[in-house]
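The values are calculated or read from the model by the stated rules, or taken from the named source; none is laboratory data. Worth saying up front: this structure is predicted, and the values here are computed from it rather than measured. Using ideal geometry, Cβ is built from the backbone for each residue, glycine included, and neighbour counts are taken over all protein chains shown.
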Amino acid sequence: DPQTPVQRLTLRLTRFYTASPCQKVWTRLQQVMKKFSYDVRISPDKVSLVVSTTDKRSQPLVFKASIYGLRSDLLLVDFRRSSGDGIEFKKIFKKVRDQCQDIIVKPP
């Protein structure tokens, strides 16, 4: 059973790692969300993007994309569904991840 918050995060399937600078990742995520016409707002703590869209049944789907520094040269980009269909959320995550392939690195 994972003990630390970081250990718990690394078990999630809707995340990826990157060695790119945080600002580059932040900008890329915003560009990808805009490309797919998702509604994006920056969380009050300025560490997450809160993304809203509708699934194929026209139901609201809301998720958060957060960037965590694991080491000086490694970031974890974590996607967490707030509301909406879980299967649709995973499909959207895969679309976003595919648009970020050039900055993704293998997990440690």
Go through region 65-98 residue by residue and tally those that are crowded, with 16+ Cβ neighbours inside 10 Å and either in contact with a Pro (Cβ under 8 Å, 6 or more places away or on another chain) or part of a helix (DSSP H, G or I) (or both).
7
Can you work out which of the residues in region 61-74 that are of a type in the set (A, V, I, L, M, F, W, C) and over 16 Å from residue 32 (Cβ atoms) is modelled with the lowest pLDDT?
70
Name the single residue, out of those in region 51-77 being hydroxyl-bearing (Ser, Thr, Tyr) and within 18 Å of residue 18 (Cβ to Cβ), that is nearest to the chain's Cα centre (by Cα).
66
Filter region 39-88 down to residues that are free of Cβ contacts under 8 Å to residues at least 24 places away in the same chain and over 18 Å from residue 107 (Cα atoms), then give me how many there are.
20
Out of 32, 50, 62, report the one residue that is surrounded by 13 or more Cβ atoms within 10 Å (Cβ to Cβ) and under 20 Å from residue 103 (Cβ atoms).
32
Over region 16-60, the set of residues closer than 17 Å to residue 88 by Cα, at pLDDT 95 or above and charged (D, E, K, R) is 39
Mind telling me which of the residues 61, 74 ends up being touching a helix residue (DSSP H, G or I) at 6+ places or on another chain (Cβ under 8 Å) and not polar (S, T, N, Q)?
61
